Each structure stands twice: as structure tokens, then as C-alpha cells.
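The structure appears right after this line, and notes come after that.
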Amino acid sequence: MTRIQFKIIYPILFSLLFASILLYSCKEDDVQPNVVQPKEEEKAVEDFIDYYSLLSYPIVSSQPTGSQFLLPELVFAYPIDSAFEVETDTSTLTYKFEMLDFSLSFFDQIQEFDRDVWSNTKDTLTLLPSSPLQREGTYLGEIKLQLYVQDDNEQWIAVNHTKTSKRYEQYFNYSISPVVHFQLVKGMHFLEDRALNPYRPNILFDLYFIPVDTFYWDEQLDIEVRHEYSIKIMQDGREVAFDYEIHEKDMQLEVTLDEALCESCTYSLDIELAYFTRVFGEEKQLEDPTGPIVDENSYTFVGGENQLSDQIIADNIDYQYPVDRQYTFLTKEYPYGYLKLLYHQEGLLNSDSDPSWATQVRISSLDDTYSKTVPLTYENLTFQYEMPDDLAKETIHKIEFLESSQDGQESVFHTLHIRTSLYDTFLEKIEDNGPSDGYWQYPGEKYDEYELRRFGNNLIIKEEAFDWVEVKGNEKNHVNPFLILTNDFDDSSYYQKIYDLVYKVVELGLLTIEENTEDGVPPLDAVYWWGYPYSFILNDEHIQNNFAPREDSEGTVSNLTYSYFVKHFVELRDKAKIHPNQDNSLIKNLQNTQFYSPKSTWPYYVYYTLPGDIHTSTYHHNP
């Protein structure tokens, strides 16, 4: 919630008060002959309050903007319902304002309030309407206060505001802006009613914002907003099951059906979105004058041609291992090969209708010096087979999924090619290369002996770095990168210092980091594999010539974490300078502490995860 505060500074308040008191005490009609006037320091409190108080209005008129659910804060110059002192040169007076009434009206219509919320110091008031403010325009606010002063006997005495007014009465205006209607979906990435691939329709929608279940600050409404949405896919009155994913970087919604699209069938994707804000910990649905705001959108699409095929359709592969065209396949990383379909393909397998056919996998070298056939199982849309443990290193192999009949017929329904690695497993590859504790240069860059960069204790692969599939994945074949790296701050004493200085204020909600957040806050993901080259992948020429030599490649871990630490520190330090609570120790610490430079690197994890998250090997690097 943006807090629109109205404050007034009274630079001459106390001097005017004191001057007026002196003028009053020196009036000639108050001086009695032959009576000795008491000294100024001996005057009683009653001598100052015979007529009225010269304290100014505690708030000033303004034109703040409010929302349907929450009015801006009223900030008072003095605490309300709480004693405060006013000092003169000779005395100290103790005052107290009492809230008598607060009202808000639109012309003659009075607005009711569920509750009022005061700050701990009793000088800031926020009001919660009992129902959303439906009218757009200016509301009139009226506040009534009674001032009291404490006499020498510690009794509270009511003080008039002026000679003609007993109370402090003040009027001010609120400008209320209604919630505007939103549009959720901008459009599709394909023309409506266009025929889609039945296996991977790739239904993508551009969004104005991402519907999420957490609150975020909406600049247009000037309040916190949470989106609550429902998404349905309908086909001929039937609701179709599906999964969806929100792509935060490109602001897209991707929908994947649990079944293949039927040919020429028309589908509709229906989205409903409601909006909620949070007021004093309670959620309120956003409304306009007609009632709760619900954003509704509907888009149609059509299933394309769905022909039967005797081959596994590439778009119907969810994931597979080994990955086709892998250049450094680790032969003993996982004892099984597998392939997961999105949908069952009718007509793919003869064994669906004829039990005399059996599914198998044949793995062979291109020169036919090696060939082995193993059983292939198919269950829950997944093919699986045992990976032979005698595959030659650094050799191109062909893997064929096939069916064979009892009378000797054979039908191949899927083929892929791989090149085996110099190593058997991921951890063997790591251990054989080992970490470095000396000087080294970035792979592919040339330095003279005086320009070598010190990496300290870091993971380095000097022989057969990771290939393209391992580092980048294969988007065409729907494969995610095998290598996932993340920092381990739990085992870092240096990070604990950074946390206390930088990220603790974020965790406590005192400040927020808005820039350089792509690798997280704190930057857990600011660690990457840096190889040269890592673009090598098995290609058609390699297969045709049966020749794929060992690439001259090397690589290391590049850690950008320290640069993020510095950027986050600078952002928070600048924000700390204007933070309203300058007495907070963490805020002070941000402004007064020099940033810590690390004496060494910190731990990180390298995960080697196979497609489908079926298996993961973990390397923990602790300098």
C-alpha cells in the first residue's frame, strides 16, 4: 500500500504560543494595583489556559487519492489519545488530543467504516471502509478533536480551540479512483481456428501480466493485487484435462493437453480471472459499480490432421535418454535407456493387436563390429531397456527400437545416434580432471604468462568438456540441460556476513531488491558452466563418415555471485539513505559499512540430471 501522508511543520508554533502567553499575562486590565505580580517561573498551568489554546490544527487539508478499500493515512503533528509535552522558556505544558468523531461522505451519503488502525505512536490513522467505495469522485472528510491540558494536580482540563470554538474541527477531501477493468489475454501466437499439431499444439498466449497466487504491487491501482484465475479447455461440451506452464520471461501461458487433439475438432480455451487486494491482512475482491470484477476470455483452436504412423512422431516424444546426437554419452551413468511418449500412438506397434510380435532395442557400431539386442518394455507411455555395459569409448553407435515377429519379420519404429564418452560416469569425469588451486585462463582466450587469471580452488575440465546437450539441452527434441549449478551458501562463512549486511533487511521486509534479480535474491543461481567450445554435437557428416574425433575442449565454473552481491548492496544502501526508520540498526549498518571482499570462493553444487529427472548425480565443490 502506498502511503500518502499529510504532514505540517510548525517552525514558529512554540514561539507564537509563548509570545501569546506573555501578551496575555501582561494585559493592563489584569494588573491589580498594590498586588505584587508573581514571577514568570511561578505561574500555574491555569494561568495559560483561561481562554483558549494556540496549538495549530493537528492535520492539514489536502487532496489525497484513495482506493476502493483503503484510504490514505492521516498523519498528525501530535499523537492522538496520548499525552505530549510543549516546552516554553519557562514551563512545560502537557497536552492530549481526544478523537471525538471522524466521518466521510459523498454529498449526503455517509460512508461507514469497519475499523480504524492507529500506528504504535498514535500519530497515524488508516481507515478501512465497511464496503468498497463505489462512487468515483471527491469525498468530504471531517474530523473533530478535543484538546486537554494537564493542570498542576495532574487533572485533565478541556481547552477551547478559540474564543468561539470549543473543539478542533477540520475538513479535507479524498479523491477516490475506481478499479478499472483489465484485459488478461492479448492474443494467441497462431491465428484462431488454425489447425494445430495434434501432439504438440503449443498453445501460447501473450499476457499483460502473469496470473500468480502471490500479491504484487499494481502501479495503476496503487495497491497490492493477487490474481485468482481458472482455466478450462472445452471440446464439444466436454472438459479436456491439461497441464499449463507460465513463462515469466516472455509473459506467455503454455497449455499442453493430456490427450492428442482429434482431427478437425474445435476446442475452446476459457479463462476467468478475479482480482483480490489485501487490507490489514484480510483479502477483499476488487469491484466496480456493477459488482465483483471478473475478466473473461475465450479462444478457439482446431485439431490438425492426425495420420497413423509406423514411426514414433518426434513431436510426440516427451523426453528420451540417451538423447539423439549426443556427443559425449556416459555409458555407465545410468543402467537404462528410456523414451517417454506424450500420448499413445494408435497403429505404432504391431504387438498392440498381435502378441506374436516382441519389442526390442538393437545397439550397434556403424562398422558392424559390435551389435547387441536387448528386450524393450512399454508401460505407461514409457519405453525402457537395459544399457549394455560394454560399449566402446569415443565411438558412434546406432540405437534402433524395433519389433520382431516369430516368423522372422522385423519393423524398426525409432532410430537415434550417439557418440560415447571418454568417461563412464559424470563423477569419474570430475574426479579425473579434478579442481584447480592455481592459475588458469578462460578457455579459448589467450593471455601471456602475466595475464593468467587466478581461479583459486575451482572445478576445471581440461579434457573432453561437456557437450551441447549437456550444457544447453536440445530445444528441438524438448530436452533440458543436464548440468544445473547452484551456490551453497549454507557452508559459507563469507556469505553469512553478506546475509547480515544485505539480505537480512530483505528477509525482514525492511527493503526490497528490484534490480539484478534474474539469478535470485540471494543469487543462488549465479553460477554457470563456462566451456570452450561446448557447441559440439553429433552431425550427419560424423555419421556418414563414421568419424567423430575427440574435441579439443575445456571448461570451468564461472561464478558471478560476487558481482550480484555488490549490485544488491549498492541498491539497498541507496534505499537505506531515504528509509523512514533511520534508527534501525540494519538500516544504519547498510549506510556505514564497507562491502566485504571475499578471501576465497564459496561452495557450489553441480547436478547432472538426466531427462525426465529420472536420475541425478551430484558434485559438491567446497574450496
Check: Taking the Cα-to-Cβ direction at Glu428 and at Ser563 and moving 7 Å from each Cα, how far apart do the two end points lie in nm?
Finding: 3.7
Notebook entry, point to check: If the label point is 7 Å along Cα→Cβ of Ile293, which residues in the stretch 139-176 have backbone nitrogen under 18 Å from it?
Noted result: 175-176
Check: So how much slack lies between Asn622 and Asn581, counting 0.36 nm per residue of separation and subtracting their Cα-Cα distance, in nm?
Finding: 10.8 nm
Item checked: Out-of-range pairs (alpha-carbon distance over 20 Å; input Lys96/Lys166; Lys393/Lys429; Lys372/Lys429; Lys96/Lys144; Lys372/Lys398) -> Lys372/Lys429
Notebook entry, point to check: Among Lys372, Lys429, what's the order by accessible area (1.4 angstrom probe), most exposed first?
Noted result: Lys372, Lys429
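Work out how much length Thr90 to Ser371 would gain on full extension: take 0.36 nm times their residue separation and subtract the Cα-Cα distance, in nm to one decimal.
90.5 nm
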Next item on the list: May I ask you to give the average projected area over all directions of the convex hull of the Cα atoms of the stretch 551-592, in nm² rounded to one decimal?
Entry: 3.9
Next item on the list: Please report, in debye to the nearest 20, how large the charge dipole of the stretch 261-356 is about its Cα centre when each Lys and Arg carries +1 at its beta carbon and each Asp and Glu carries -1 there.
Entry: 560
Next item on the list: Might you work out the accessible area of Trp529 for me, using a 1.4 Å probe with all protein chains in place, and round it to the nearest 10 Å²?
Entry: 30
Note to self: Sort Glu296, Glu245, Glu254 by heavy-atom solvent-accessible area, probe 1.4 angstrom, most to least.
What the structure shows: Glu296, Glu245, Glu254
Check: For the stretch 314-418, how big is Rg over Rh, using alpha carbon atoms and the Kirkwood form of Rh?
Finding: 0.96
Notebook entry, point to check: At a Förster radius of 56 Å, what calculated FRET efficiency corresponds to the Cβ-Cβ distance of Asn153 and Tyr229, to the nearest 0.05?
Noted result: 0.30
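The values are calculated or read from the model by the stated rules, or taken from the named source; none is laboratory data. None of these values were measured; they are calculated from a predicted model. Heads up, the Cβs are rebuilt from the backbone with ideal geometry, glycines too, and the neighbour counts pull from every protein chain shown. Protein only, heavy atoms only, side chains kept; ligands, DNA and RNA dropped before computing areas. Shrake-Rupley method; radii C 1.70, N 1.55, O 1.52, S 1.80 Å.
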